[in-house]
Amino acid sequence: MAEKKRKRGCGCLIVIVVLLAALAAAGAWLWQRYDAFAATPMSGLEKGETLLVERGDSLPTVVRKLRAAGVEVGEPMQWRVLAKQLGAAGRLQVGEYALEPGTSPRALLIAMRDGKIISYRFTIVDGWNMRDLRAALARATPLKQQIGQLDDSALMKALGHPGQHPEGRFLPETYQYTGGDTDLDVLKRAYAAMDKAVAAAWAARDPNSVLKSPAELLIMASIVEKETGIPEERAQIAGLFERRLKLGMKLETDPTVIYGIGAAYDGNIRKRDLQTDTPYNTYTRVGLPPTPIAMPGLAALKATANPAPGDALFFVASGDGSGRSLFAATYAQHQANVRIYLQRYRQNQTRGQPEEGKAVLEEAAEATDAQAPAPASPGATR
């Protein structure tokens with residue numbers, strides 16, 4: 001009897017051992033299959049493909065997007081187990097991810113867990129106006145377009161600043177964005193950056209400045225930005241315009257006239273343009289224009305906040321191709337500088353000298369030759 005019990009016990013033990021061995025073999029097979037799934041590059045991917053994880057996307061949603069992209073590897077359970085093992089479950093970060101050939105499920109989930117998203121860059125260039133900015137945003141890919149059908153009023157309302165003019169309100173800088181971001185997202189960041197930059201410049205301004213508000217500083221900085229690309233001249237020109245305002249003189253600056261002409265501007269300013277009144281014509285109106293005329297950079301803001309001292313009230317391009325200006329304290333000196341510019345221009349037309357304002361200056365020279373008063377332009381070749 002005892003012998004039979006021992007035999008039955010041995011039989012049960014053998015069965016248990018066999019079952020355990022089978023389970024171990026099955027487990028090993030499943031693990032190998034799982035490990036192969038996790039580490040093997042996903043098939044069906046082509047160079048340049050990406051995966052966009054949007055706000056609210058769950059892991060099953062992401063897997064469905066992978067299927068739509070041609071990735072068939074892995075069962076839903078395998079993806080869930082792998083995500084849990086990697087600590088990615090419930091932690092997939094929003095953004096666009098590279099799906100380059102050779103990417104494994106493990107590498108992709110780690111990237112989504114750690115937010116290793118693809119980023120793009122959009123640069124707002126110093127001196128752009130709103131038309132320039134809108135056109136550049138419309139060309140930016142893969143930035144989602146939302147502002148194309150919005151006029152300026154609707155745009156500023158969408159940005160949370162109803163009633164404000166958009167010109168000059170976006171800081172020239174390079175902004176990074178990711179797939180799924182919109183042009184409004186970029187503009188919100190650029191607006192906040194400009195708001196901060198203007199506040200900092202205003203806080204550090206010369207206490208004797210004639211400018212009465214941060215808004216006036218922004219307007220003046222936009223004019224300074226458009227008047228020169230020479231760093232060391234910005235503070236000089238800002239000082240010159242400060243002195244004109246203090247004396248009650250018209251600013252007489254061409255970039256404001258050009259802005260008032262708008263899309264009809266053909267690359268040159270003529271006497272009739274200076275005589276045609278618009279809210280932006282600083283030859284016909286005293287003081288600053290009603291809004292900025294461009295997006296000033298940080299350097300223009302700082303120069304405007306702390307203008308250079310001096311006695312110059314006029315300036316004109318040097319005409320030597322350097323982009324520099326000739327400054328004058330008196331109108332007689334300015335007339336002489338205008339003649340220097342025109343002489344250099346006529347001698348160097350083949351070198352591509354700027355034509356902007358040339359017609360006005362030639363009229364000024366003719367008037368001077370006839371001993372008639374010429375236009376008192378501080379920067380008539382801009």
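If the requirement is being farther than 24 Å from LYS196 by Cβ, modelled with pLDDT of 95 or more and assigned to a helix (DSSP H, G or I), which of these qualifies: TYR283, TYR259?
TYR259 is the lone residue from the list that is farther than 24 Å from LYS196 by Cβ, modelled with pLDDT of 95 or more and assigned to a helix (DSSP H, G or I).
Do the conditions hold for GLU46, that is, is it farther than 30 Å from LEU184 by Cβ, open to solvent by 60 Å² or more (accessible area, probe 1.4 Å), over 34 Å from the mean Cα position of the chain (by Cα) and charged (D, E, K, R)?
Spelling it out, it is not the case that GLU46 is farther than 30 Å from LEU184 by Cβ, open to solvent by 60 Å² or more (accessible area, probe 1.4 Å), over 34 Å from the mean Cα position of the chain (by Cα) and charged (D, E, K, R).
Being within 30 Å of ALA215 (Cβ to Cβ), modelled with pLDDT of 95 or more and touching a Ser or Thr at 6+ places or on another chain (Cβ under 8 Å): is that true of GLN164 here?
no
Taking only region 189-209 into account, find how many residues are under 14 Å from ALA300 (Cα atoms) and either open to solvent by less than 30 Å² (accessible area, probe 1.4 Å) or at pLDDT below 95 (or both).
4
Quick one: which residue in LEU240, LEU298, LEU274, LEU288 is out of contact with any Lys or Arg (no Cβ under 8 Å at 6 or more places or on another chain) and open to solvent by less than 10 Å² (accessible area, probe 1.4 Å)?
None of the other options fit; the residue is LEU240.
Does at least one position in region 53-64 carry a residue that is part of a loop (DSSP other than H, G, I, E, B), farther than 25 Å from TYR120 by Cα, at pLDDT 70 or above and hydroxyl-bearing (Ser, Thr, Tyr)?
Looking through region 53-64, none of the residues is part of a loop (DSSP other than H, G, I, E, B), farther than 25 Å from TYR120 by Cα, at pLDDT 70 or above and hydroxyl-bearing (Ser, Thr, Tyr).
For the list (1) closer than 25 Å to ASN129 by Cα; (2) open to solvent by less than 20 Å² (accessible area, probe 1.4 Å); (3) part of a loop (DSSP other than H, G, I, E, B), I need the number of the one condition that ASN268 fails.
Among (1) closer than 25 Å to ASN129 by Cα; (2) open to solvent by less than 20 Å² (accessible area, probe 1.4 Å); (3) part of a loop (DSSP other than H, G, I, E, B), the lone unmet condition for ASN268 is (2).
Being modelled with pLDDT under 95 and not in a helix (DSSP H, G or I) is the filter; apply it to region 210-247 and report the residue that is nearest to the chain's Cα centre (by Cα).
GLY229
Just name the residue that is nearest to ARG234 (Cα to Cα) out of those in region 319-347 that are aliphatic (A, V, I, L, M) and outside any helix (DSSP H, G or I).
By that ranking, first place goes to LEU326.
Scan region 49-66 residue by residue and report those that are among the charged types (D, E, K, R) and either surrounded by 14 or more Cβ atoms within 10 Å (Cβ to Cβ) or within 14 Å of LEU108 (Cα to Cα) (or both).
Within region 49-66, the first condition is being among the charged types (D, E, K, R), and the residues that meet it are 49, 54-55, 57, 64-65.
Matches in region 49-66: GLU49, ASP57, LYS65.
The values are calculated or read from the model by the stated rules, or taken from the named source; none is laboratory data. Just so it is clear, the structure is predicted and the values come from calculations on it, not from any experiment. Cβ coordinates were reconstructed from backbone atoms using ideal geometry, including for glycine residues, and neighbour counts include every protein chain displayed. In case anyone asks, the SASA skips ligands and DNA or RNA and just uses the protein heavy atoms, side chains included. Shrake-Rupley method; radii C 1.70, N 1.55, O 1.52, S 1.80 Å.
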